[in-house]
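Scroll down for the structure; my scribbles are underneath it.
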Amino acid sequence: MNAVAEAVRDGVLPGRVWLYANYHCNLACTYCLTESDPRAERRELGEQRMLALAQQAAELGFTALGVTGGEPFLLPYLPELLARLAAILPLVCLSNGTVFTERRLERLRPLAELPAQIQLSLDRPEPDPNDQMRGPGNFRKVVDAIPRLVERGVRVRVATTVTAIDDEERERLCELHRQLGVPDADHIIRPIVRRGRAVDHGLGVDAGPADLPAELTITTDGAFWSPFGPTVHGGRLDTDLLVTRTTTPLKVPAAALLRLVHARPAGADTQLNIR
Ligand code: SF4
């Protein structure tokens, strides 16, 4: 067994490899880590490269994939690609939930038979406070998309990203996601991380390697310590959590990340529940 597989098996290295599919987005959220918007540089990883990386991840002993962006569903090939990736390793794909046309939903139907989840962002139980951060009409579109995915058998997770939420508001939000067909086990609440656009708005918590699980994250610009690593601020890619510019073969960044994890002082495990 190779060192990476052993580290994953022993819980030294998280099992998930993240792929940054792209950086552009149809939204421009106030706290966006990657300063994404419709005009953002695409930094597209590419269909064939993602498939090759997934295959190599499985061969190395990783156990899961994450696909993120930007908004991955802006890529025309994404629904079929997700099915092909999920046939290699179980995956979660993050989305803002606003681009699910009837045709795209139908193309996602095969995911119902595969170990795949779509994670949609929903921050607040009412439209106005939700849309303040994410843009007009966002709440309505997400609340519309969730049951249409669920009724096709696609497993949906809801991710809530907030600075703070009180008990009453959290309960209203949980009632809403349950009504939409998402159980409590598939709802996560996490803090805003102070990177990207969140820096300009003074939002969120600081997060460094001590706070973030060492999840190998591949972008077109290199491999990073965490999906919270390859953020963009002032139009420039942040490199403080860059592991190596080499992304293929995947064993190179995986070994580099493992060396960094082993070099971490004892007890320096993750502090924040940031996923
Ligand atoms: S936070 Fe997500 S949905 Fe919002 S602009 Fe960034 S990538 Fe798009």
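Below 8 Å, C-alpha to C-alpha, sequence gap of six or more: please give me the relative contact order for the chain in percent. Walk me through the intermediate numbers first.
Numbers: 547 pairs, mean separation 55.4, N = 275.
Answer for the chain is 20 percent.
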Most exposed to least, judged by fewest other Cβ atoms within 10 Å, Met50, Met133 sort to Met133, Met50
Computed for the chain: size of charge dipole around the Cα centre, +1 on C-beta of each Lys and Arg, -1 on C-beta of each Asp and Glu, debye to nearest 20, value 760
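What FRET efficiency comes out for the pair Leu260/Asp167, r = Cβ-Cβ distance, R0 = 41 Å, nearest 0.05?
That pair, Leu260 with Asp167, gives E of 0.60.
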Dividing the helical contributions, -39500 (n - 2.57) per DSSP H run of n ≥ 4, by the residues of the chain yields a 222 nm value, nearest 500 deg cm²/dmol, of -9000 deg cm²/dmol
GNM of the chain, Cα pairs under 10 angstrom: of Arg152, Arg103, Arg245, the biggest fluctuation goes to Arg103
Residues other than Thr220 with Cβ under 13 Å of its Cβ, Lys/Arg counted +1 and Asp/Glu -1, net out at 0
antiparallel share of DSSP beta bridges within the chain, to nearest 5, in %, is 20
By the DSSP-based rule, helices of the chain that are at least 15 Å long along the axis (C-alpha) and have a mean Kyte score of at least 1.0 are 251-263
With a ≥ b ≥ c from the Cα gyration tensor eigenvalues, square-rooted, and the rule rounded for a/c under 1.5, otherwise prolate when a/b > b/c and oblate otherwise, segment 108-236 is oblate
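Could you size up the charge dipole of segment 212-264 around its Cα centre, putting +1 on the beta carbon of Lys and Arg and -1 on that of Asp and Glu, and report it in debye to the nearest 20? Could the numbers behind the result be given before it?
Values: 5 positive and 4 negative charges, 39 e Å.
Around 180 debye, computed over segment 212-264.
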A convex hull over the alpha carbons of segment 54-119 yields, per residue, a volume in Å³ of 77
Residues Val8, Val252 in order from fewest to most other beta-carbon atoms within 10 Å are Val252, Val8
Segment 203-261: relative contact order from alpha carbon pairs under 8 Å, six or more residues apart, as a whole percent, is 28
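Applying 1/(1 + (r/R0)^6) with R0 = 45 Å to the Cβ-Cβ distance of Asp200 and Arg103, what FRET efficiency is obtained, to the nearest 0.05? All intermediate terms of the calculation are to be shown ahead of the outcome.
Numbers: r = 36 Å, r/R0 = 0.81.
E(calc), rounded to 0.05, equals 0.80.
Computed from the coordinates by the stated procedures, all read-outs in this text should not be read as laboratory data. Computed from a prediction, not measured in an experiment: that's the story for all the values here. FYI the Cβ positions are ideal-geometry reconstructions off the backbone, even for glycines, and counts take in every protein chain you see.
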